[in-house]
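Student: Let me begin by handing over the structure; questions about it come next.
The values are calculated or read from the model by the stated rules, or taken from the named source; none is laboratory data. Owing to the predicted nature of the structure, the values given are computational and were not obtained by experimental measurement. Here Cβ is always computed from backbone atoms with ideal geometry, including for glycine, and neighbour counts include all displayed protein chains. All accessible areas refer to the heavy atoms of the entire protein, side chains included, with ligands and DNA or RNA removed. Shrake-Rupley method; radii C 1.70, N 1.55, O 1.52, S 1.80 Å.
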Amino acid sequence: MLGKNIKYYRKQIGFSQEQLAEALSKSRNYIGMIERAEVNIPVGTLFEIAQILDTEIENFFKLR
């Protein structure tokens with residue numbers, strides 16, 4: 001759910017995985033792993049992602 005919601009909000013603002021990765025100073029591969037729920041994400045990184053995607057962190061945990 002978390003990864004799928006991050007992907008949803010990323011696409012809502014028209015960001016590619018590469019663009020989000022660049023904004024986070026992470027690799028595109030890492031963003032893909034987040035979206036596929038293959039890694040545990042530090043809370044600080046979640047807050048950064050929410051800020052970049054212009055959404056509230058709570059939205060990442062809501063059922064779609």
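Student: Which one of Glu58, Glu38 is of a type outside the set (A, V, I, L, M, F, W, C), open to solvent by 60 Å² or more (accessible area, probe 1.4 Å) and assigned to a helix (DSSP H, G or I)? Quick ask: steps written out before the conclusion?
Tutor: Values: Glu38 fails: assigned to a helix (DSSP H, G or I).
Exactly one of Glu58, Glu38 is of a type outside the set (A, V, I, L, M, F, W, C), open to solvent by 60 Å² or more (accessible area, probe 1.4 Å) and assigned to a helix (DSSP H, G or I), namely Glu58.
Student: Would you be able to tell me the number of residues in region 3-21 that are surrounded by 15 or more Cβ atoms within 10 Å (Cβ to Cβ) and part of a helix (DSSP H, G or I)?
Tutor: 11
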